[in-house]
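Accompanying notes for the structure given below.
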Amino acid sequence: MGSIDTKASSADYHERALTALKDKSLFISDAFIDGKWKSSDKTFPVYEPSTATVLGKVADCDLADFQNAIKSASEAQPKFFASTTGTSRGALLRKWYELIIQNQDDIATILCLENGKTYAEAKGEVVYAASFIAWFAEEATRAYGVTIPSSTPHTTLYTTREPVGVCGIITPWNFPAAMITRKVGPALAAGCSVVIKPPSETPFTCLALTKLAVEAGIPPAIIQVCPTKNREAATELATNPLVNKISFTGSTGVGKMLAKLAAGTLKKLSLELGGNAPFIVFDDADLDLAVEGAMFCKFRCTGQTCVCANRLYVQKGVAKEFTAKLVKKVAALQMGPGLDTKTTQGPLVNKSAVDKVKEHVADALSKGAKVEFGGSAPDNSGFFFEPTVLSGVTADALVSKDETFGPLAPIFEFETEEEAIKLANDTEFGLAGYFFSRNIGRAMRVAQRLQVGMVGVNTGKISAAEAPFGGVKESGYGKEGSLYGLEDYQIIKSVTIGNQDA
Ligand SMILES: NC(=O)c1ccc[n+]([C@@H]2O[C@H](COP(=O)([O-])OP(=O)(O)OC[C@H]3O[C@@H](n4cnc5c(N)ncnc54)[C@H](O)[C@@H]3O)[C@@H](O)[C@H]2O)c1
Ligand SMILES: O=CCCC(=O)O
């Protein structure tokens, strides 16, 4: 594995990158409330994680800002729905999609600077984010109702789909673009308005996307953005009666807290929460394919995705060979700043993320695991941790219960299919699960028995605009993307027209 090029991560690293933006007006540090960009004397710093230096300071919204944004979004939403059709909202979204694609290099640079992921991954995320807007531009035209045979004579009964209203959108830093568009796309397609609280670690990408949404013609008050570090102010989204729905992606703890608060006004909820994905390699697997899958779904975004493999269960007979093949690939990874073209592993988002990986590694080693590769944080100013492979990890290790959210691949061994399924399901989480096997019967059986919302069989890639995204158990509820994503932002209204003989 290559070492970190500390010269590339010198203090002016991000200044040079920002100067090179083709459209510098996309780097915005204001809130967007009631159709106006709003600066504030009160700001919070956003860090560039490979140098741990301040990338910029962003308006820190207070309670009054949230209340103003919610009120304005609430007044604008019925007018938006009444004055548009699914087709016209689809056209607005299509225009927004085109602007994101046209500006993908700049958005990827901003995303890369605030999140730390490699530029290639950042570009991939921008295109992935845009794909949700394109998808829901189409879905906007497919909000069908049904006609229901009535049991009462001379009566017609039918349903329509209407927007749920004002949606509070709260998202995490690991996908600064895609987590926004996967929610805002269907919300706008349905005819809702949104008040977004972007992640405080990565607000700049959201603000750039918002500017493009307004340029695309989306009425300004329909989309409002309140960056903040002030959690009390942000919880207004969960308590204000004018907000009809909360769509949250983030940790299970915060999700539960928001659900409790939202219960006060019985808001509709979508919760995309934490994961602890099992990744099972059976002895009948194609091991090269399994290694490829593990590299993608473990080390994507430096291990900071909710669907990352967290526990690698490998059948005893192939454990040595799989481990050797995985270590060879991991050793070729190159840590460094995301904008450096040689980099294939960026930094983690902040110091506490590094500390959590350290804790999981130390705990596994104390319980008998062995370092096959990596295992430590390099001595430099950024938030790096070496991509790490541990073997012989035991079931009582912290990493078997808790999502590392970092570049740690812990290998556990198992003997039978039954044992693998039991281990995989032994968690309160149920977001994603993966397994590799060439046996079709086993593929059908195991896919059915894994208690997760999404399964990857012989692949580590499960995310796409058309794929229903969401978990079970304490990983939350609701489905994003796909043919189900729109209905999370709609209500079904039934209309009964009676006494038609009168
Ligand atoms: N299921 C999914 O689709 C998915 C996707 C990405 C991340 N995640 C999960 O998110 C977690 C990592 O993200 P994180 O550390 O940013 O999570 P987090 O829960 O701390 O934060 C998520 C968002 O909630 C905000 N927030 C935190 N406390 C709040 C409060 N009291 N009121 C209002 N908003 C509040 C944060 O500022 C951020 O915008 C991991 O557990 C990961 O698995 C899940
Ligand atoms: O981290 C959560 C989202 C990742 C994805 O959409 O694949």
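The values are calculated or read from the model by the stated rules, or taken from the named source; none is laboratory data. Predicted, not measured: the structure shown is a model, and the values here were computed from it. Here the Cβ positions follow ideal geometry from the backbone for every residue, glycine too, while neighbour counts run over all protein chains shown.
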Q) E413 versus (1) surrounded by fewer than 22 Cβ atoms within 10 Å (Cβ to Cβ); (2) part of a loop (DSSP other than H, G, I, E, B); (3) touching a residue at least 60 places away in the same chain (Cβ under 8 Å): which is the lone unmet condition? A) (2)
Q: Could you tell me whether A353 is within 16 Å of ligand 1 (Cβ to nearest atom), in contact with a helix residue (DSSP H, G or I) (Cβ under 7 Å, 6 or more places away or on another chain) and either farther than 28 Å from G124 by Cα or at pLDDT 95 or above (or both)?
A: no
Q. Restricting attention to segment 471-502, which residues are closer than 23 Å to V243 by Cβ, touching a Leu at 6+ places or on another chain (Cβ under 9 Å) and among the small types (G, A, S)?
A. G476, G478
Q) Any idea which residue in segment 219-250 is farthest from ligand 1 (Cβ to nearest atom), counting only those that are surrounded by fewer than 21 Cβ atoms within 10 Å (Cβ to Cβ) and under 29 Å from A134 (Cβ atoms)? A) P219
Q: Tell me which of these K38 doesn't satisfy, since it passes every other one: (1) within 20 Å of V243 (Cβ to Cβ); (2) touching a residue at least 60 places away in the same chain (Cβ under 8 Å).
A: (2)
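Sort through K342, K298, K367 and tell me the only one that's within 16 Å of ligand 1 (Cβ to nearest atom) and basic (K, R).
On the way: K342 fails: within 16 Å of ligand 1 (Cβ to nearest atom); K367 fails: within 16 Å of ligand 1 (Cβ to nearest atom).
After applying the criteria, what remains is K298.
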Q | Single residue of segment 13-39 satisfying the filter (more than 25 Å from the chain's Cα centre (by Cα) and assigned to a strand (DSSP E or B)) that is farthest from P49 (Cα to Cα) | A | K36
Q: From T152, T141, T171, T160, grab the single residue that is at pLDDT 95 or above, touching a Pro at 6+ places or on another chain (Cβ under 8 Å) and hydroxyl-bearing (S, T, Y).
A: T171
(Q) Pairs needed: first member in segment 339-365, not assigned by the TED database to the domain that holds A120; second member anywhere, of a type in the set (D, E, K, R) and surrounded by 16 or more Cβ atoms within 10 Å (Cβ to Cβ); C-beta distance under 6 Å; at least 6 residues apart or different chains. (A) G346/K117; V349/E201
Q: Please name all residue pairs, on different chains or six or more residues apart, with Cβ atoms under 7 Å, provided the first residue is in segment 427-449 and is part of a loop (DSSP other than H, G, I, E, B) and the second residue is crowded, with 24+ Cβ neighbours inside 10 Å and hydrophobic (A, V, I, L, M, F, W, C).
A: L431/A277; L431/C306; L431/V307; L431/V452
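Any chance segment 259-266 includes a residue that's within 16 Å of ligand 1 (Cβ to nearest atom), assigned by the TED database to the domain that holds I110, closer than 30 Å to A234 by Cα and in a loop (DSSP other than H, G, I, E, B)? Can you show your working first?
In the first step, residues of segment 259-266 are kept if they are within 16 Å of ligand 1 (Cβ to nearest atom); the result is 259-265.
Next cut, assigned by the TED database to the domain that holds I110 only: 259-265.
Restricting the remaining residues to those that are closer than 30 Å to A234 by Cα gives 259-265.
Add one more test, that the residue is in a loop (DSSP other than H, G, I, E, B), and what stays is 264-265.
Yes, because at least one residue in segment 259-266 is within 16 Å of ligand 1 (Cβ to nearest atom), assigned by the TED database to the domain that holds I110, closer than 30 Å to A234 by Cα and in a loop (DSSP other than H, G, I, E, B).
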**Q.** Residues of segment 311-321 classified as within 29 Å of the chain's Cα centre (by Cα) and under 11 Å from L287 (Cβ atoms), total
**A.** 1
Q | Set A290, A353: member being part of a helix (DSSP H, G or I), of a type in the set (A, V, I, L, M, F, W, C) and over 15 Å from G460 (Cβ atoms) | A | A353
Q: Being among the small types (G, A, S) and on the phi > 0 side of the Ramachandran plot is the filter here, so list the residues in segment 374-405 that pass it.
A: G374, G375, G392
Q) For Y97, which of the numbered conditions (1) touching a Ser or Thr at 6+ places or on another chain (Cβ under 6 Å); (2) buried (at least 22 other Cβ atoms within 10 Å of the Cβ) fails to hold? A) (1)
